[in-house]
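See below for the structure under consideration.
The values are calculated or read from the model by the stated rules, or taken from the named source; none is laboratory data. Keep in mind that what you see is a predicted model, and the values were worked out from it rather than measured. Counting neighbours? That spans all protein chains shown, and the Cβs are built from the backbone with ideal geometry, glycine included. Just so you know, the surface numbers come from the protein's heavy atoms only, side chains and all, with ligands and any DNA or RNA stripped out. Shrake-Rupley method; radii C 1.70, N 1.55, O 1.52, S 1.80 Å.
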Amino acid sequence: MKLLTHNMLTSHVKGVTNGYPLLIKATEVKVNQLDFNPQFVSRMIPKLEWGALVQAAEDLGYRQDLPGELVVDYQQNEEFLKKVHRVLLEVEVMEGFLKCPESGREFPITKGIPNMLLNDDEA
Amino acid sequence: MKLKELESCLQQVDTFEEPKILLEQYPTSPHIAACMLYTIHNTFGDIEGKLVADLGCGCGVLSLGASMLDAGLSVGFDIDSDALDIFRRNAEEFEMSNLDMIQCDLCCLNAEVYARKFDTVIMNPPFGTKHNQGIDMTFLRAGLTMAETAVYSLHKTSTREHIQKKAKDWGVKMEVIAELRYDLPASYKFHKKKSVDIQVDFLRFSKA
C-alpha cells in the first residue's frame, strides 16, 4: 500500500462519523523505485490531505524534512516534488495494519494489500 | 507501445485458478483488454500520467495494462483475496510498481469519499446475471463518483437502452465506442457449450 492510496482510505465501520485518517502501524515497509513524473505529482498534490500524508510519512519514519504546511509554488520546485514523489509512490507498507481513529477497528495489511472488508454487523 | 505488443504482454498475465461463480469471475481476454486500453490511451489520452482506478479488478489484467501504458498509478479494487493474490504475483512478475490494490466490497463502499480523486476509472464489472441483478450499475455509479474525467466499462449490449437512460438521469454523456463479441470460454460446470459469444458494448461515460 502506497501512501497515495492510504491518503484516500477511510474507515466505514457502522456508527463511525470520522474514520479519517487511518493510523498506520507497520511491521514491514519497502521502498520501490519508480520513475519520477513531476507533472503527475504536481497534479496529485491538490487532491491530497496534506496533513494526513505528512503524519503517515512520519509514522513510517520516512518524513525526512517534508514540511508540515504545503509549500507555495510547488509546481516549479523540483526538489520538493521529488520528496513528495518518494513518500507518495515509492514508500510501501507491506505488513501491518490500519486503525480507525474513532472505533479502533483494525484493518490488516498483508503482502502490501489492505483488507477493508467489514463483517456483516459492522456494515 | 504498439497494440500487438500490449496484447502479447497481457497474454502472460495469469488469471483465476478457481473462478468463483457468485462473483462472476470471468477473465477479460488479453485481446479485449488490449483493445480497450489502447483506445483509452490513444484516442482519449486517459491513461498516461493519470491516476486510474480499476473496479472489480480480479487478477488485474486492465490495471497491469494501464501500468504498462505509463499510468501514474493504477489502483485495483476487488473483494476477493484469491484474485488479488494472483494480481500481486502478476505485478511482481512484470516488475511493475506503478500499481496498488485495495481489498474491499464495492457494493457497500461509500464512493463519496473518493469523489473525483481518480482521473480515470476502467472496469469490466460483473454483469449481474447470477442472483445479483443490477450490480453492474452499482459499479458504474461508484465509478462515476470516483472519476474526474471518464469511466470506461463493458456492459451487455442488451442493457444499452437502460444504461443510456440511467446515464441521462445522472447527467453524464455515454458513448458506445465499440461493439464486441465477448467470447466466454466454458469456465464453469453449468456451461454446456464449449464457448459462448455474448454481445458486449465498450462504453465511455464522460462528465460535463
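Data overview
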quantity	calculated
Extreme residue, surrounded by the fewest Cβ atoms within 10 Å (Cβ to Cβ), among residues of the range A:24-55 that are away from chain B (no Cβ under 14 Å) and free of Cβ contacts under 8 Å to residues at least 60 places away in the same chain	A:GLY51
Scope the range A:1-23; condition open to solvent by 30 Å² or more (accessible area, probe 1.4 Å) and of a type in the set (Ser, Thr, Tyr); matching residues	A:THR17, A:TYR20
Qualifying positions in the range B:80-115 - under 19 Å from B:VAL52 (Cβ atoms) and at the interface with chain A (Cβ under 8 Å from one of its Cβ atoms)	B:LEU84, B:ARG88, B:SER97, B:ASN98, B:ASP100, B:MET101, B:ILE102, B:GLN103, B:CYS104, B:LEU109, B:VAL113, B:TYR114
From the options B:THR120, B:THR149, residue that is over 24 Å from A:VAL91 (Cα atoms), in contact (Cβ under 8 Å) with a residue 12 or more places away in the chain and not acidic (Asp, Glu)	B:THR149
Restricting the range B:71-122 to residues that are polar (S, T, N, Q) and open to solvent by less than 10 Å² (accessible area, probe 1.4 Å), the residue that is nearest to B:LEU203 (Cα to Cα)	B:THR120
Selection within the range B:42-62 - touching a Leu at 6+ places or on another chain (Cβ under 8 Å) and open to solvent by 40 Å² or more (accessible area, probe 1.4 Å)	B:GLU48
Qualifying residue in the range B:16-35 (condition: of a type in the set (Ser, Thr, Tyr), within 14 Å of chain A (Cβ to nearest Cβ), under 15 Å from the mean Cα position of the chain (by Cα) and at negative phi)	no
Candidate set from the range B:40-76 (those that are of a type in the set (Ser, Thr, Tyr) and under 14 Å from the mean Cα position of the chain (by Cα)); member that is farthest from the other protein chains (Cβ to nearest Cβ)	B:SER63
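Residue-by-condition table, conditions (1) assigned to a loop (DSSP other than H, G, I, E, B); (2) within 11 Å of another protein chain (Cβ to nearest Cβ); (3) over 18 Å from A:GLY19 (Cα atoms):
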| site | (1), (2), (3) |
| --- | --- |
| A:PRO67 | yes, no, yes |
| A:VAL71 | yes, no, yes |
| A:VAL84 | no, no, yes |
| A:GLU92 | no, yes, yes |
| A:GLU95 | no, no, yes |
| A:GLU102 | yes, no, no |
| A:ILE109 | no, yes, no |
| A:PRO114 | no, yes, no |
| A:ASP121 | no, no, no |
